[in-house]
1. Using only C-alpha positions, report the orientation-averaged shadow area of the convex hull of region 1-55, nm², one decimal.
2. Quick one: which residues, 5+ away or cross-chain, put their amide H under 5 Å from the amide H of LEU148? H built at 1.01 Å from N.
3. Spin-label point model (7 Å from Cα, Cβ direction): what's the LYS187 to SER52 distance in nm?
4. With a point put 7 Å past each Cα toward its Cβ, work out how far LYS143 is from ASP81 in nm, to one decimal.
5. Only sites in a loop by DSSP and with at most 10 other Cβ atoms within 10 Å count here; which GluC sites (Glu not before Pro) in region 38-145 make the cut?
6. Highest mean first, how do 10-17, 81-88 rank when packing is the count of other Cβ atoms within 10 Å averaged over residues?
7. Working from the pairwise distances between different alpha carbons, so that the mean of 1/r is found and then inverted, what is region 1-121's Kirkwood radius in Å?
8. Please list 3J(HN,Hα) in residue order for region 93-105, calculated via the Karplus relation 6.51 cos²θ - 1.76 cosθ + 1.60 where θ = phi - 60°; whole Hz, with x for glycine and proline.
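Throughout, read-outs are computed from the coordinates displayed, never taken from laboratory work. Predicted model only: the values in this text are computed from it and were never measured. Glycine gets a Cβ as well: all are built from the backbone with ideal geometry, and neighbour counts include every protein chain shown.
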Amino acid sequence: MANLGVFGGTFDPPHIGHLILAQSACEQLNLDKIIIIPAGKQPHKSNLNISSGKARLEMLELAIAGDDRFEISDIELGSDDISYTYKTISRLRELYPENELYFLIGGDNISDIETWMKPEEIFGKAVVAAAMRPEYEPSGKFKNDIRLFNMPPIGLSSTEIRDMVKNKRSIKYLVPEKVENYIRKNKLYI
Ligand code: ATP
């Protein structure tokens, strides 16, 4: 029975924090594969300034190229409905009935997962695993249900990368080189 990681996000753009989280989870949770799911219409974020699904998908493909532990799913991008994590997890539960699912989140999501829609469905159908961050201690109703793994702290977000591009600062080494080239070629975030 394979262990599958499920890693969702906006990935606008994907950066080394995402890749190091996925790599750390893969190793410490013994995952055979991680399905990376770029978000469709999101309940938590305004979609106004988010790059197209196509651009985010293409950047992710470039970011993970050559690492066959990672694959990308367009399960959320392919739907016009708002993407709720509980629905995505339910769908994956049906698609992979034999596999253990590990839903991966960054430390900053530990405290707010409780506020997402139908968290009990997420916790009932997958192991929720979070990258440990000393400043984000699990608390609340699902406190003891969150599995923690370590990753070197990477103080970086996609928002910062977008701001850096806008301010003409270099993003070299913060995103894979092919992603950096894609951003430049497609004039994203300027
Ligand atoms: P934004 O700045 O646009 O909100 P982001 O960098 O937080 O983007 P998302 O695509 O929203 O990236 O994040 C997807 C997942 O990756 C989330 O679970 C988030 O917590 C996690 N994540 C993002 N950046 C990091 C980081 N530097 N370290 C650990 N986890 C991260």
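1. 4.6 nm²
2. Those qualifying (amide H under 5 Å, at least 5 residues apart or on another chain) are ALA130.
3. Going from the LYS187 label point to the SER52 one covers 1.4 nm.
4. 3.4 nm
5. GLU98, GLU135
6. 10-17, 81-88
7. Radius from the Kirkwood sum: 14.8 Å.
8. Using θ = phi - 60°, the values come out as 4, 5, 6, 10, x, 8, 9, 7, 9, 10, 8, 9, 9 Hz.
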